[in-house]
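*Asks:* Dumping the structure here so I can ask a few things about it.
The values are calculated or read from the model by the stated rules, or taken from the named source; none is laboratory data. All of these numbers come straight from a predicted model, not from anything done at the bench. Quick reminder, even Gly has a Cβ in these numbers, built from the backbone with ideal geometry, and neighbours come from all protein chains shown. Note: accessible area is taken over every heavy atom of the protein model, side chains too, but ligands, DNA and RNA are not part of it. Shrake-Rupley method; radii C 1.70, N 1.55, O 1.52, S 1.80 Å.
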Amino acid sequence: MTITNGKVSLKHLVTMEILSNEEVLGLIKRGLEFKRGEVEIKPDRKYYASNLFFEDSTRTHKSFEMAELRLDMGMIDFDARTSSVNKGETLYDTILTMSALGVDICVIRHSEVDYYKQLIDSPTIQTSIVNGGDGSGQHPSQSLLDLMTIYEEFGTFEGLKIVIAGDITHSRVAKSNMQILKRLGAEIFFSGPREWYSEEFDVYGQHVGIDEIVEDVDVLMLLRVQHERHDGNESFSKGEYNSLHGLTVERYKRLKDTAIVMHPAPVNRDVEIDDSLVEAPKARIVRQMQNGVFVRMAILEAILNGKA
């Protein structure tokens, strides 16, 4: 990982921890340049990418596809439902095959936490790995698009009061964001059900009730309730969750005029956030989706820089 002439070069992007603050800001600023149309794309050769999603996805999967198309990359189709995975092929052997075929970058989402370690440690696999989400582990590209959205709004992270609210224990988005935002100088708070919070997060910030902090917050980052990662034995009421922990119209009105509301989506409407607020003036949920394309272009370009 290096920065040369203002350009970030990467071999892989699997966690936010591998990025320095300078590299994070470099990727954000490059994403903004792509968004403003300031970048002329001139690859030194044809590059190829494959998106291997073993868990369902709309935003991450399709925004990587759009980013690859905008960078004039060739895309090698992969569908887990029709692949040799159904014959017992391991993830390692799938990626070994892609590497042997000449795929330059594999974007992978998988249910296994840290699935990528065996892949990036392999002396044989030459394809670069971009982590599109590993179970309840990390989601670096989502973290970077969140950071880009905040930076675009405020021009800094230093001193911002940021609340991460909701299903924190099961959220790879929360884990990626709490680490890097703390490092970049933001003041972090957590909110949501106590049973979905772990004391290991105390090193990054404190847990508060949403009504204690809503009037002071600069960024309210809501998280989806991830029913698929729960054991199914706990009782859950959408209305009760919304009333106790969600962003209701009443709480929205208490936000500062300059505050913004974020959510990685998909949104459980009338659970984490009232339906009428998803596209409200302070909401940046649609902008997050837009920014996802441009920051993923920056990620892919950084890996191509490393290969060039």
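*Asks:* Which condition number does P281 fail, the rest of (1) open to solvent by 20 Å² or more (accessible area, probe 1.4 Å); (2) touching a residue at least 24 places away in the same chain (Cβ under 8 Å) being met?
*Replies:* Every condition holds for P281 apart from (2).
*Asks:* Kindly list the number of the only condition in (1) within 23 Å of N177 (Cβ to Cβ); (2) crowded, with 19+ Cβ neighbours inside 10 Å that fails for Y47.
*Replies:* (1)
*Asks:* Also: Working only within the stretch 232-281, note down all residues that are part of a loop (DSSP other than H, G, I, E, B), among the hydrophobic types (A, V, I, L, M, F, W, C) and in contact with a Gly (Cβ under 8 Å, 6 or more places away or on another chain).
*Replies:* If the condition is that a residue be part of a loop (DSSP other than H, G, I, E, B), among the hydrophobic types (A, V, I, L, M, F, W, C) and in contact with a Gly (Cβ under 8 Å, 6 or more places away or on another chain), then V271 is the only one that fits.
*Asks:* Another one. Find all pairs meeting these conditions: Cβ atoms under 8 angstrom apart; at least six residues apart or on different chains; first residue within the stretch 45-74 and without any contact (Cβ under 8 Å) to a residue 40 or more places away in the chain; second residue hydrophobic (A, V, I, L, M, F, W, C) and in a loop (DSSP other than H, G, I, E, B).
*Replies:* Short answer, once both residue conditions are applied: K46/M73; D72/I41.
*Asks:* So, E55, is that one of a type in the set (D, E, K, R) and modelled with pLDDT of 95 or more or not?
*Replies:* Criteria not met by E55.
*Asks:* Based on this model, can you work out whether G205 counts as small (G, A, S), in contact with a strand residue (DSSP E or B) (Cβ under 6 Å, 6 or more places away or on another chain) and open to solvent by 10 Å² or more (accessible area, probe 1.4 Å)?
*Replies:* So G205 fits the description; yes.
*Asks:* Quick one: which of T82, T15, T60 is of a type in the set (S, T, N, Q) and open to solvent by 70 Å² or more (accessible area, probe 1.4 Å)?
*Replies:* It is T82.
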